[in-house]
1. Using 14 Å as the cut-off for backbone N distance, which residues of segment 101-143 belong to the label zone defined by a point 7 Å from the Cα of T75 along Cα→Cβ?
2. Which whole-number percent gives the relative contact order of the chain, counting Cα pairs below 8 Å spaced six or more residues apart?
3. Give the long-range amide H neighbours of L191: residues separated by 5 or more places, or on another chain, with amide H under 5 Å away, using H modelled in the peptide plane at 1.01 Å from N.
4. How many Lys pairs in the chain lie less than 18 angstrom apart by Cα atoms, where the lysines are 8 or more positions apart or on different chains?
5. Go ahead and set up a Gaussian network model of the chain, Cα springs under 10 Å, then flag whichever of S286, S316, S232 fluctuates most.
6. What are the DSSP H helices in the chain that stretch 27 Å or more along their long axis, judged by alpha-carbon atoms, and whose average Kyte-Doolittle hydropathy comes to at least 1.6?
7. May I ask you to list the residues of segment 92-130 whose amide nitrogen lies under 19 Å from a point 7 Å from Cα along the Cα→beta-carbon direction of E278?
8. What distance in nm separates the simple spin-label points at Q21 and D194, each placed 7 Å from Cα in the Cβ direction?
Amino acid sequence: MELHILEHSLKVASIAKEGIQICTHGLIKLAFLPSKTRCKFFSLTETPEDYTIIVDEDGFKELPESEYLSVADATWLALNVVSGGGSATSSQPIGVTKIAKSVIAPLADHNISVFMLSTYQTDFILVRERDLPMVMHTLSSEFTLLRVVNGETVAANSTGVTNGFVKPKLVPRPIIHPLSSPSNMFCVTSLDPDTLPSVATLLMDVMFYSGGAKETGGQSEDSGHIRFFSFSLIEGYISLVMDEQTTQRFPNNVLFTSASGELWKMVRIGGQPLGFDECGIVAQISEPLATADIPAYYISTFKFDHALVPEENIQSVIGALRTNESTGQ
């Protein structure tokens, strides 16, 4: 398999809910008018706490300086696993569990923190730019390492790490953060970029105005229902994660669906904000799922992590993770 190191230099940031109006001009430009910017990597995820932005340096210039904007103090690079020389099919995503043992676990074993973004098309593993030499050294035995330079893939030279490399002692990874599973069911979907203008106002409503009084009435009675929406526009491909009720607002035949029309349930990781320095959080979740051969999408945000698993697997997933949780106490 090939591991592609993409050429985007990325920033990860949080926009406070009360400050979103200050950033909407730039965010609308990034999401709906990509020809007006040089941005090639943009992702916006809304959670109950805030909005998380992952954006390249050109896109970051579109956001104003603000007390409501918090930026993680590192530059991040995106890694992408490509198997068989092609991209994943839409009906069966590679999923974070497919790379749990080959990528996620080895990086955790070497104390390398990762930030995950699963999309409809593929999975991006974000690592700090300063960690790249160790990342390459760690994964070079399992993967053909390629760097994307000006849109072309070239062999990556693994440099900067001495040959005196000590393989770490593998240790159990008990789950140490609280887990919860909201009541909503989610869809992971996409749409043709050519149809984006036809649903732009609807998407703007969903992104920025969905917390309005017109929608909260019915949902407030269900304390297990959470607000979660993710939009990504990366190298021309659109990915959307939204709950089932939100998809029903879209016209027929606009959103892509898999052959199975699969619905996903969420496992939310974290009681207090997780931060960026702790290693192994993604591995704690993805390894048990990989062992059970359960596909999953995984989306890290500024404060918490989120795994999406097939609806029919949620009870076995919770059971497996709870077992892993209790054995670590």
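Bear in mind these aren't lab numbers, they're just calculated from the coordinates by the rules spelled out. Every value quoted in this text rests on a predicted model; they were computed, and no experiment measured them. A quick note on method: Cβ atoms are made from the backbone with ideal geometry, for glycine too, and the neighbour counts reach across all protein chains shown.
1. 127-133, by backbone N distance to the label point.
2. Working: 612 pairs, mean separation 77.4, N = 329.
After rounding, I find 24 percent.
3. I238, F256
4. 12
5. Looking only at S286, S316, S232, the biggest GNM fluctuation is shown by S316.
6. Numbers: long enough: none.
Answer set is empty.
7. Residues 104-117, 126-128 qualify, since their backbone N sits under 19 Å from the label point.
8. Rounded to a tenth, the inter-label distance reads 3.9 nm.
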